[in-house]
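Trainee: Below is a structure I'd like to ask you about.
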Amino acid sequence: MQAQYDNIGDAIIRGTLVGWLREFDDVSVITGSAPDEYLEVVNLDAGVECYRSLLEYSKSRARTTHLAFAPGEQYLDRGVREWPKAVANILLSYAIRANGGRVVKVGRGYRGAQRFLTLLERVQMGASDLTLVRDVEALRMFPRASLMPDIALASERFDSTDTASAERREGLVLSMRGDRGTDLEYVGKVLQSAGQSVSVVTQVRRDAARSAEVALHFGVDLDRWEGSMEEQLRSLVDRYRSARFVVSDRLHVLIFALLCGAIPLGIETGSHNKLSRQFDAIGLGHLIGSPTSRDLFELAISDPAAVAAETRSAIQASRLKLNQAKADVGSLLARDR
């Protein structure tokens, strides 16, 4: 379970996949160096066995049957330093298959397309029984895969009858990446167009300094991250459940806000179009803008009730597709029983 251990979204999508797998078989998780607070958000139940390394797992009495790679974005633009890991994954996959096990990759996205790493990924997919990717661009790169919405949309951590209706929602929640210099002039125009009181939050701990800068720049409230990841998740959910709009350049901020009933307004940064690809896949691409498009989301802001109905429909449709994806995984894993 290699991941960004300060990223709540990473923990949620991994926990969602483990939940799927637990419905079909016993599960062991290679947690690597994941801290306890991260694993708390992953929310592994008492029946899941955890090991810090593949070597530790191999020394146990456990016997490998199947292999599932964690969901999320995979970097194909990092060059030579990623080659050993890619080759190791290929060898591991073929070893699992040789022992009669199944190999699945669920909810993958990709960034970049360095030639050799892309070739290695194609070889690894050849060793996999099932690969499910989360956007059309990934499907174009790897036609052997199948398409599914982002697995975060299947998470039940955000479902609640306490969620405020569109008419009773107030305020705008803003959360910005700390690793990119998003055009704050454009962000300010979006905030002005929305006409709501603004508070700044942090969903990835390394973004905290940027959150403070943004709050100071706009002269708005800052909700500091002061507790554990689980405590921060609860605080974010409370915010998202009452906000009318959530503006962010982070994918899972937008998806969690969507699941909590807020209207997500995404600001695309960089050249990878990550937000557009994911939201196009669920029919909500018009909720993503960028400094170059200068889109101020006038339609979404002027009729939030209509957009809220649209987003609910998108969630329902996405979950039907995700249920089918889960069934496909279960059918594959049960085939040899």
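Trainee: Looking at VAL214, VAL237, VAL204, which one is crowded, with 16+ Cβ neighbours inside 10 Å and under 18 Å from GLN192 (Cβ atoms)?
Mentor: Only one candidate qualifies: VAL214.
To keep it simple, each residue is scored yes or no on (1) touching a Gly at 6+ places or on another chain (Cβ under 9 Å); (2) within 26 Å of TYR38 (Cα to Cα); (3) touching a residue at least 40 places away in the same chain (Cβ under 8 Å).
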site	(1), (2), (3)
SER175	no, yes, yes
THR182	no, no, yes
THR202	yes, yes, no
ARG206	yes, yes, yes
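Trainee: For the stretch 11-53, which residues satisfy the criterion of being acidic (Asp, Glu) and in contact with a helix residue (DSSP H, G or I) (Cβ under 8 Å, 6 or more places away or on another chain)?
Mentor: GLU23, ASP25, GLU37, GLU40, ASP45
Trainee: Looking only at the stretch 97-124, which residues are of a type in the set (D, E, K, R) and touching a Pro at 6+ places or on another chain (Cβ under 9 Å)?
Mentor: Scanning the stretch 97-124 gives LYS105, ARG108.
Trainee: Out of curiosity, is TYR110 closer than 27 Å to ALA334 by Cβ and of a type in the set (Phe, Trp, Tyr)?
Mentor: No: the conditions fail for TYR110.
Trainee: Still on this model: Give the stretch 238-282 a look and list any residue that's closer than 13 Å to VAL201 by Cβ and assigned to a loop (DSSP other than H, G, I, E, B), or say none.
Mentor: Once the filter is applied, which keeps residues that are closer than 13 Å to VAL201 by Cβ and assigned to a loop (DSSP other than H, G, I, E, B), the stretch 238-282 yields ALA243, ARG250, CYS260, ALA262.
Trainee: Name the residue, out of VAL237, VAL253, that is modelled with pLDDT of 95 or more, of a type in the set (Val, Ile, Thr) and more than 15 Å from the chain's Cα centre (by Cα).
Mentor: VAL237
Trainee: If a residue must be farther than 17 Å from VAL187 by Cβ and either in contact (Cβ under 8 Å) with a residue 60 or more places away in the chain or not in a loop (DSSP other than H, G, I, E, B) (or both), how many such residues does the stretch 213-236 contain?
Mentor: The qualifying residues number 9.
Trainee: Now a separate question. So, in the stretch 287-337, exactly how many residues are part of a helix (DSSP H, G or I), buried (at least 16 other Cβ atoms within 10 Å of the Cβ) and hydroxyl-bearing (Ser, Thr, Tyr)?
Mentor: So the count comes out to 2.
Trainee: Here is a further query. Condition check: closer than 18 Å to ILE13 by Cα and in contact with a helix residue (DSSP H, G or I) (Cβ under 9 Å, 6 or more places away or on another chain). Does ILE255 satisfy that?
Mentor: Spelling it out, ILE255 is indeed closer than 18 Å to ILE13 by Cα and in contact with a helix residue (DSSP H, G or I) (Cβ under 9 Å, 6 or more places away or on another chain).
Trainee: Same structure again: Would you mind stating whether LEU119 is surrounded by 17 or more Cβ atoms within 10 Å (Cβ to Cβ) and more than 20 Å from the chain's Cα centre (by Cα)?
Mentor: Criteria not met by LEU119.
The values are calculated or read from the model by the stated rules, or taken from the named source; none is laboratory data. This is a predicted model, so every value here is computed, not measured. Here the Cβ is made from the backbone with ideal geometry for all residues, glycine too, and neighbour counts use every protein chain on show.
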